[in-house]
Amino acid sequence: AAPKFFDPLEDTEDYMPLQRAGTVAFPRALEKDPCRAQGSFCKRRRALVCRFLTDFCQMVWPKLSGAVKKIMDEQVCEALTKASAQLPDSIRGEVAHSICFGESAPSIQEVYSWREHPCIKDGIEVCGKMHWDAAVDLQITVGPIKVGIDRIYLEGVGCIIFRPLMDQAPILGGFHLFYCSPPTLKVRLTGLGPLTRWTAVDATVQKLMEDAFNMVMVLPHRMTQRFANTKIDDMPDFRCPPPLGILRVQALRAQGLVGVDLNFLSSRTSDPYCTVTVGGCTKRTGTRHRTLEPSWEDESPMEFLIYHERQNVTLAVFDANVLKQDVQLAGLKESYTAAELVARCTTPRWLTLDATVADAYGAKTEGSVQLRVSYVALSPEGSGKAKVLALKLGRLHDTHAADMVGSRLRLTLGDIEIQSRPCK
């Protein structure tokens, strides 16, 4: 099902919950926006905003594409290398790429919200449906396979943050660009001749590009660029802003699951466990053996860092196996954002599951999972005990300069991993 988004011009509590005991509400979008009335006037205003942003991107794209290419050259190569490491050994090898963007700039097809960023004092955020159908010249070499990509199609919920805002020209000091959740991505291959019709090759390259773009442009990752000689007082904060808060998801129980394990003296059962994914972070419950109605009430909630309330939350139920790959039994029937789950599941609530495998009679039935979700906002710096860890990289001692050229420093804190720029 297509993701549901709250309408920023409708003040409903379904998508932006009020503060309740034990949870903190997401900051309301457009708190100061005068355009909250209904009717054709607001539709025209939103259409004008879309056209303005699209025209703005098109005008600055000749300069912007150069900055984007520089960022992509640095980050996509590393992302492609990481993604290719997950490929089978038979086609794994060195990854090389060259990239050149065409003249088509991203377009904003619909605006969902525009606001002052809740955690950034000097930034304005515009969130909407971003579409990019770009002619590119991208060459990728993965082991023995050499492919070309001449078109990339991207569509999803994305955000542009303009920061910092300055009191003098050029006013806009830089920007952030990211997708809240993995967008729809399609690529067109060239250079393989008849091999482009091989499903295995298409699927491999498609998965490779999806993983690479997720590592570059999907939260918590983002593309950042400052304009001209803009002075940034806190560069770590500019490149990696702190999260909005922590989402706690507790899968309590499930029912109506499909049995896939054969038993000699009884009906089919499964060994289910539940996974929850937000951004690039996936966590799971424990495995419950030989049951179609598992309970995880005794387990602690799974915690995820939230960088935007429109990040999608994905839930799936799997059957655990020892000698073969785990089988997905079901997934959520509808797609939910973090804000929607907080609104619906502050108290335990059953959500419908769609079976991904058939039962013994060949039918796919609906099950359900009970969730309890809460959200805790992280206080801005100086307003409480919450703090932001910022590290400034200096110099490395007792190393040979020639050996360190191009090296990176990796910092891991919990589920978040940050890498420095290449050493010069």
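Once the Cβ-Cβ distance between MET59 and LYS207 is put in as r, and R0 is 30 Å, what FRET efficiency do you end up with, to the nearest 0.05?
Numbers: r = 35 Å, r/R0 = 1.16.
Efficiency, rounded to the nearest 0.05: 0.30.
Less than 5 angstrom separates the built amide H of GLY174 from those of ARG163, PHE227, all sequence-distant by 5 or more or on a different chain.
Once Rh is set to the Kirkwood radius over Cα pairs, what Stokes-Einstein translational diffusion coefficient, in µm²/s, holds for region 245-377 at a temperature of 4 °C and a viscosity of 1.567 mPa s? Before the final figure, lay out the partial values.
Values: Rh = 15.1 Å.
Estimated via Stokes-Einstein, D reaches 86 µm²/s.
Using 0.36 nm per residue, how much length does the chain from ILE416 to PHE264 gain when fully extended, once their Cα-Cα distance is taken away? Before the final figure, lay out each step's value.
On the way: separation 152, 0.36 × 152 = 54.72 nm, distance 4.57 nm.
Value of the extension gain: 50.2 nm.
Once the chain from ARG284 to GLN168 is taken as fully extended at 0.36 nm per residue, the excess over their C-alpha distance is 36.8 nm. In this calculation the C-beta distance from GLU110 to LYS324 is compared with R0 = 45 Å, giving a FRET efficiency of 0.55. Phi angles across region 295-307 convert, under the Karplus curve 6.51 cos²θ - 1.76 cosθ + 1.60 with θ = phi - 60°, into 3J(HN,Hα) values of 10, 10, 4, 7, 8, 6, x, 7, 10, 9, 6, 10, 9 Hz, Gly and Pro given as x.
Working from label points 7 Å from Cα in the Cα-to-Cβ sense, the SER335 to LEU409 distance is 3.9 nm. The calculated FRET efficiency for the pair CYS423 and GLU366, based on their C-beta separation and a Förster distance of 41 Å, comes to about 0.15.
Phi angles of region 237-253 translate, via the Karplus equation with coefficients 6.51, -1.76, 1.60 and θ = phi - 60°, into HN-Hα couplings of 5, 5, 7, 9, x, x, x, 6, x, 10, 9, 10, 10, 10, 7, 8, 6 Hz per residue; Gly and Pro are given as x. Model label points for ASP133 and GLU293, set 7 angstrom from Cα along the Cα-to-Cβ axis, are 5.1 nm apart.
The phi torsions of region 317-322, fed into the Karplus equation with coefficients 6.51, -1.76 and 1.60 and a -60° offset, translate into couplings of 10, 10, 9, 6, 10, 9 Hz, rounded to whole numbers, with Gly and Pro shown as x.
Summary of packing: across the peptides 368-376, 181-189, the per-residue average of other C-beta atoms within 10 Å ranks them, highest first, as 368-376, 181-189.
Are any of the pairs LYS186/LYS207; LYS43/LYS333; LYS129/LYS186; LYS207/LYS364 more than 20 Å apart by Cα-Cα distance, and if so, which? From LYS186/LYS207; LYS43/LYS333; LYS129/LYS186; LYS207/LYS364, over 20 Å: LYS43/LYS333; LYS207/LYS364. Taken along the Cα-to-beta-carbon direction at a fixed 7 Å, the label points for ALA47 and TYR153 span 2.5 nm.
Amide H contacts for ARG290 (H built 1.01 Å from N in the peptide plane; partners 5 or more residues away or on another chain; cut-off under 5 Å): SER270, ASP271.
Values quoted throughout were computed directly from the atomic coordinates according to the rules given, and no laboratory measurement underlies them. Bear in mind the structure is a predicted one, so any value in this text is a computation, not a measurement. Because the Cβ atoms are built from the backbone with ideal geometry, glycine has one as well, and the counts that use them run over all protein chains shown.
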